[in-house]
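What follows is a short report on a single structure.
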Amino acid sequence: MNKKRFYITTPIYYPSGEPHIGHAYCTTLCDVFARAKRMRGFECYFLTGTDEHGQKIEQNALKEGKDTQTYIDEKVAVFKKLWTAMRISNDDFIRTTQERHMKVVQEVFTKFLKNDDVYLGSYEGWYCTPCESFWTDTQVGENHICPDCGREVKREKEEAYFFKTNKYLKELEKYYDNPDVIYPLNRKTEMINTFIKPGLEDLCVSRTTFKWGVPIRENKEHVAYVWLDALFNYLSALGYGSENDELYKKFWEDPESEIIHVIGADITRFHTIYWPEFLSALNLRLPDRVFVHGLLMMKDGKMSKSKGNVVSPYPLIDRYGVDTVRYYLTREVVFGSDGQFTPEQFVERINVDLVNNLGNLVKRTVSMITKYCDGIIPEFKKVINELDKELESIVPLTIESYENKLDDLHITEAFIDVFNMLGRANKYIEEMAPWTLAKDPSKKEELDSVMAHLAYVILVGAKLLEPILVETSSKIYTQLGLENGIDYKEIKDSSRLNGLKVVNMDALFPRLDVAKEVEYIKDLMAKK
Ligand code: MSP
């Protein structure tokens, strides 16, 4: 059931290196979702940001001989620049070093202490600095390897505060009873089997071995553990606990708002166990949905800054355009499964969907309307033959399934349906053979009907694709004589284009020479 309002968040990224297309993947998905909701008239607040504390950041800054804040400011600027280049429409950008955020973390810690949710103890375990995570003996195995990143872990012991995870187990179990909360469901099963069933260990929520974190007011030796710090970004960005908390009331407290976190599979535990527990301890509402996407892999495994097998989105945007990169990311990886980036698939995807299917359809239709109808889109008359009828019936079905699938965050699938509709229209051209109809004056009405149907399908397709194709859709409206675009509410009106004059323009997407472009992208990757 659609709520009135949406709050959608990406994880906040560690700005410890250059952003890569793995980061762009999650941010693009959320952006597409937010744009689609706004397009359909819903209010949507979209948050992203950076997770700036922790030992790794402190060490990296030191390595570069920079003061930590200066180091981070430079890195964060790179993330922000990328989001601008990718036309990400976030409403806010939260940084965990901002005062508005640090205050919240300190307040929360005080509440935890008062409420007896945390206690002072000591921690001994295997610590992975790049992942900022402690692991148990079983998890690191005989070789003492971090189960997440595969690097060697260190044995560490320190005084630390612990969060009583079992105190909120009942709330967590109740949360898990709702089948819609964690998607895909296998992630929930994984959490239950790996962490909950064997018995939750209390979570270490403070550190004393480094300083770059939110200081715990009650005990100056400690800073908040990065994950406790980071998770609260979702609340601090809305002004939770401050005088200025309208956004919090509107997008978190109000049941009319749906709270959606989109995350990568590697951080499921934090979002589906500790985060709901922290919120329960504070007696706050729990998120409605945690959507877990798969990772975009390279041939040699997970793309990661630390492995150095990263593809940067910038040169791809420069060469192929922002819409192409946005489309590839939304389409290529089916939500919930892992995907693999290969130059071949990237080029193929553009050629098949954007050049052949969408681009060709628009080019052919506009040229035919110019040639056969003096450039004027004929009146959309009701059904002339079976094929018109079929194409016509696909439109409302596509709109309906697009809306339902997007509401369910089946983002990739929603757009596959749109491309299927465009594919159907391309086939319709072959079936109707307008070039033959044009030779027979008695078939003029039929020919006009074909042109009107094609123009209408293109219009609907362009509108449905607008959340991804932020530049191309408006070029299509212009070609259909709609200089100012069209409101979503109007797309069901098949007479909207009657009598408008088409404008011939260059192909929307130039065809890519597969061998040449694959070579180009491989070169980019090698340079990295
Ligand atoms: N800072 C934490 C998140 C805190 S959220 C309260 C973090 N940062 S991260 O930069 O390492 O990762 C951020 C997100 O990017 C994660 O969801 C992670 O899954 C995602 N990705 C990192 N590499 C990725 C791919 N190669 N492919 C897809 N997503 C990837 O974890």
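The values are calculated or read from the model by the stated rules, or taken from the named source; none is laboratory data. Computed from a prediction, not measured in an experiment: that's the story for all the values here. Cβ coordinates were reconstructed from backbone atoms using ideal geometry, including for glycine residues, and neighbour counts include every protein chain displayed. We work out accessible area using only protein heavy atoms, side chains counted, and drop any ligands, DNA or RNA first. Shrake-Rupley method; radii C 1.70, N 1.55, O 1.52, S 1.80 Å.
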Per DSSP H run of at least 4 residues, take -39500 (n - 2.57); add these up for the chain, divide by its residues and hand me the 222 nm value, nearest 500 deg cm²/dmol. -13500 deg cm²/dmol
Heavy-atom accessible area of His20, protein chains in place, probe 1.4 angstrom, given in Å² to nearest 10, is 10 Å²
What one gets for the stretch 339-392 as the Kirkwood radius, inverse of mean 1/r over different Cα pairs in Å, is 13.9 Å
Every cysteine in the chain with no other Cys Cβ under 4.7 Å from its Cβ, please list them in numeric order. Cys26, Cys30, Cys44, Cys149, Cys204, Cys373
Antiparallel DSSP beta bridges within the stretch 33-155, as percent of all bridges there, nearest 5: 60 percent
Out of Phe415, Cys44, Asn219, whose Cα points farthest toward the positive end of the dipole of the chain (charges: +1 Lys, Arg; -1 Asp, Glu; placed on Cβ)? Phe415
Computed over the chain: longest principal axis from alpha-carbon atoms vs helix 322-332 long axis, angle to nearest 10 degrees, is 80 degrees
Can you tally the net charge around Gln98? Count Lys and Arg as +1, Asp and Glu as -1, for every other residue whose Cβ sits under 11 Å from the Cβ of Gln98. 0
How much accessible area per residue does the stretch 442-528 have, counting only protein heavy atoms and a probe of 1.4 Å, in square angstrom? 47 Å²
Note down the net charge around Val450, summing +1 for each Lys or Arg and -1 for each Asp or Glu among other residues with Cβ under 15 Å from its Cβ. -1
For the stretch 452-528, listing GluC sites (Glu not before Pro) in a DSSP loop whose Cβ sees at most 15 other Cβ atoms within 10 Å gives Glu471, Glu483
Accessible surface, 1.4 Å probe, highest first, among residues Asp148, Asp51: Asp148, Asp51
Counting C-alpha atoms alone, how compact is the stretch 197-237: give Rg to one decimal and Dmax as a whole number, in angstrom. 12.1, 36
Cβ-defined net charge surrounding His144, 13 Å radius [Lys, Arg +1; Asp, Glu -1]: -1
Put one equal scatterer on each alpha carbon of the chain, apply the Debye formula with no solvent term, and list log10 I(q)/I(0) at q = 0.06, 0.11 1/Å to two decimals. -0.34, -0.98
For the pairs Lys37/Lys174; Lys389/Lys475; Lys111/Lys164; Lys111/Lys167; Lys103/Lys250, note any where the Cα-Cα span goes beyond 25 Å. Lys37/Lys174; Lys389/Lys475
Would you be so kind as to identify which of Val108, Ala77, Ile88 lies farthest towards the positive end of the dipole of the stretch 64-110, taking Lys and Arg as +1 and Asp and Glu as -1 on Cβ and the Cα centre as origin? Ile88
How big is the equivalent ellipsoid of the stretch 375-527 along its three axes, where each semi-axis is √(5λ) from the Cα gyration tensor, reported in whole Å from largest to smallest? 30, 20, 16
If you average the C-alpha positions of the stretch 10-54 and of the stretch 370-435 separately, how far apart do those two centres end up, in angstrom? 31 Å
Between Asp338 and Phe210, how many nm apart are label points set 7 Å from Cα along the C-beta direction? 2.7 nm
Among the listed pairs Lys81/Lys302; Lys114/Lys170; Lys249/Lys302; Lys81/Lys154, which have their C-alpha atoms separated by more than 31 angstrom in this model? Lys249/Lys302; Lys81/Lys154
Given the chain, what percent of its DSSP beta bridges are antiparallel, to the nearest 5? 45 percent
For the stretch 229-358, shape from the Cα gyration tensor axes a ≥ b ≥ c, cut at a/c of 1.5 then a/b versus b/c, turns out prolate
Given charges at beta-carbon only (K, R positive; D, E negative), |dipole| of the stretch 394-478 in Debye: 360 debye
For the stretch 104-222, report the translational diffusion coefficient in µm²/s to the nearest whole number, using Stokes-Einstein at 4 °C, 1.567 mPa s, and a Kirkwood Rh over Cα pairs. 80 µm²/s
With every protein chain in place, the accessible area of Lys363 for a 1.4 Å probe, in Å² rounded to the nearest 10, comes to 80 Å²
